[in-house]
Amino acid sequence: MSNAKKQHYVPQSYLERFNNGITGKINVFDKRILETRKNQNIADVAENNKFYEIDDIDLEGELASIEGDFKDMIDIIINRVKSINWFSIANRIIFNDDLKMRFAKHLAIQHARTVSIRNTFQTMQELIAGVLIKRTGTEDTISIDKYKTKRMHLETINEENIITKAVFFVNTYNWFIDINKTDTPYWTSDNPVCIIGDARGKGYTMILFPLTPNYLLRLEGKTINVKTGFSTKDVYKSINEIDLINACNIKQVEMADRCIFSNKENFSVAEKYCELVPKVRTNDYMEINPLYKRKQENKVL
């Protein structure tokens, strides 16, 4: 196994795109304690000690080897947006099938590798523990096997699962780029791939992934344009309304495990939202049996 201690669940090369004007520095909003931390080291955020190591599994090297391609894919997408020929419909297409499939794999990996997904596995164990307590009538402490949680999480970050999810991203959604024309930047977070569910329970309706403070990848269900399919005129969209930028940023606040990142210092929208919806601060959306109390600060192994 590697001797690495800090292992990042959001690539540093990606977070660098949101630096505050100084290489290696970023501004952070901690939603749990409503604290803004300016000028933080990118090397010290979105990381955990030996997050990808356990016995015979060590994904750190494997994930590091693909992060270069992830960076290159974002560069390609942004460069294509910048080089769009506004007078030629044929040259407005940003995503071909190959680019979509390659980047979809990276989206799937990024979604799967975070501490938020790790905690989802632990929440599942907690729910099972709550059911067992309720059925047996015992108040004895039921311990959660954090070792098992970690192994379960790491085993899901495999080629088969990633390709399956990537194909789903490509086949189920139309792909768009939103170009931020306001002075308010797109934020990112420690769980940057925002998968937004349908309130009616019919599946996912949208996926949001900020590429930089100025560009956002938006995937929307193909039912939006049933008759014509992928619309070349809607491959990109200029966003001039700050409210739309703030709406995307609030989704980052909701989906983040703890921290939101920005190139600017103003997180007032995040702070106000957390005060308005306190549950967002701890991600405690699921009801846990009161005999088993989750300790948020001890969740990650």
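At-a-glance table
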read-out	value
Extreme residue, surrounded by the fewest Cβ atoms within 10 Å (Cβ to Cβ), among residues of the stretch 100-118 that are in a helix (DSSP H, G or I) and of a type in the set (Lys, Arg)	102
Meets criteria (modelled with pLDDT of 85 or more, under 23 Å from residue 179 (Cα atoms) and either aromatic (Phe, Trp, Tyr) or surrounded by fewer than 19 Cβ atoms within 10 Å (Cβ to Cβ) (or both)) for residue 6	no
Among (1) within 23 Å of residue 220 (Cβ to Cβ); (2) surrounded by 20 or more Cβ atoms within 10 Å (Cβ to Cβ) - the single one residue 246 does not satisfy	(2)
Among (1) of a type in the set (Asp, Glu); (2) touching a residue at least 24 places away in the same chain (Cβ under 8 Å); (3) under 30 Å from residue 282 (Cβ atoms), the one test that residue 97 misses	(3)
Those strands (runs of 3 or more DSSP E) lying entirely in the stretch 22-81 with at least 3 residues surrounded by 12 or more Cβ atoms within 10 Å (Cβ to Cβ)	25-30, 35-41
Set 272, 233: member being exposed (fewer than 14 other Cβ atoms within 10 Å of the Cβ), charged (D, E, K, R) and at pLDDT below 95	233
Those residues of the stretch 16-68 which are modelled with pLDDT of 95 or more and acidic (Asp, Glu), in sequence order	16, 30, 35, 44
Every pair of residues 6+ apart whose Cβ atoms lie under 6 Å, when the first sits in the stretch 102-121 and is of a type in the set (S, T, N, Q) while the second is surrounded by fewer than 20 Cβ atoms within 10 Å (Cβ to Cβ)	119/299
Number of the condition not met by residue 217 [criteria: (1) crowded, with 18+ Cβ neighbours inside 10 Å; (2) at pLDDT below 90]	(2)
Residue within the stretch 180-200 that is of a type in the set (Phe, Trp, Tyr), modelled with pLDDT of 85 or more and in a loop (DSSP other than H, G, I, E, B) present	yes
Subset of the stretch 275-301 that is within 18 Å of the chain's Cα centre (by Cα) and β-branched (Val, Ile, Thr) - its residue that is modelled with the lowest pLDDT	300
Cβ-Cβ under 8 Å pairs, at least 6 apart or on other chains, the stretch 16-32 side among the small types (Gly, Ala, Ser), far side outside any strand (DSSP E or B)	21/263; 24/16; 24/42; 24/43
Candidate set: the stretch 266-283, residues that are touching a helix residue (DSSP H, G or I) at 6+ places or on another chain (Cβ under 8 Å) and not β-branched (Val, Ile, Thr); chosen: the one nearest to residue 126 (Cα to Cα)	283
Any hit, the stretch 125-143, residues being modelled with pLDDT of 75 or more and surrounded by fewer than 19 Cβ atoms within 10 Å (Cβ to Cβ)	no
Every pair of residues 6+ apart whose Cβ atoms lie under 8 Å, when the first sits in the stretch 158-185 and is touching a residue at least 12 places away in the same chain (Cβ under 8 Å) while the second is of a type in the set (Asp, Glu) and surrounded by fewer than 20 Cβ atoms within 10 Å (Cβ to Cβ)	170/97; 173/220; 174/220; 174/234; 176/220; 176/234; 182/241
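The values are calculated or read from the model by the stated rules, or taken from the named source; none is laboratory data. From a predicted model like this one, the values you see are computed outputs, not experimental measurements. Don't worry about glycine lacking a Cβ; one is built from the backbone with ideal geometry, like all the others, and counts go over all protein chains shown.
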